Amino acid sequence: MSDLDDKTVARFWAKVNRDGPTHPVLGTPCWLWTRFTHRGYGRFGIGKTRADRAHKVAWRLLRGVIPAGLQLDHLCRIRRCVNPAHLEPVSRRENILRGESPSARNARKTHCPQGHKLVIDGAGRRCIECRRRHGREYQARKRKARAGGMFNT
C-alpha cells in the first residue's frame, strides 16, 4: 500500500497481536487487532479523516491490491483477525453464503423439516411432497365443506 508512510505502517503493526489462537484447519495463528473495532472488524485510522478495516489494510500491505469486485472472507471466522493467510478474496455472494446469516443457513438446506428433498425451480426452492400433501388436504377440506351443507340452507 504505497500511500502509507513508514510511520503509519509501524503504527498499524503495533496494534496487531500475532500470537492469537492457532486455527485448527489453517494451522497458523490469528493475528488479532487489539484496538478499536466496529461490528467486530478492526478499524484503522489513516490520516485525520480516513479509516479502513484493519484486515483490508493488512492485505494491501502484505499482498497488494484486493481484486476488483471481490471482498475478503475470513476463513478463520474471526472478524478481528488480520492475518492474510486467513483471508480469501471472494465475490459478495460467496462471502454471504459462507457466513451464518439466515440467507446462508437456508441456502445450505437440502431437505425440508419432514425430510423430503428440496427441489429448485422457477419459484425457488421448495418441497414437492409437502406441496402435494397440502394441496390434497386443501381439496379434502373444500369437498367436506360442500358435502356438509355448510353453504346450503
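The values are calculated or read from the model by the stated rules, or taken from the named source; none is laboratory data. Everything numeric here is computed off the predicted structure, so don't read it as measured data. Counting neighbours? That spans all protein chains shown, and the Cβs are built from the backbone with ideal geometry, glycine included. Note: accessible area is taken over every heavy atom of the protein model, side chains too, but ligands, DNA and RNA are not part of it. Shrake-Rupley method; radii C 1.70, N 1.55, O 1.52, S 1.80 Å.
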Gly20 passes all but one of the listed conditions (1) at pLDDT below 95; (2) outside any loop (DSSP other than H, G, I, E, B); (3) within 16 Å of Ala54 (Cβ to Cβ); the exception is number (2)
Within the stretch 22-74, of all residues that are closer than 11 Å to Pro84 by Cβ and among the small types (Gly, Ala, Ser), the one least open to solvent (accessible area, probe 1.4 Å) is Ala58
Residues in the stretch 117-153 that are touching a residue at least 12 places away in the same chain (Cβ under 8 Å) and more than 30 Å from Arg92 (Cα to Cα) total 3
Any residue that is more than 18 Å from Arg35 (Cβ to Cβ) and in contact with a helix residue (DSSP H, G or I) (Cβ under 6 Å, 6 or more places away or on another chain) - is there at least one of those in the stretch 115-124?
yes
Scanning the stretch 95-144 residue by residue, the ones that are assigned to a helix (DSSP H, G or I), open to solvent by 80 Å² or more (accessible area, probe 1.4 Å), within 22 Å of Arg79 (Cβ to Cβ) and not basic (Lys, Arg) total 1
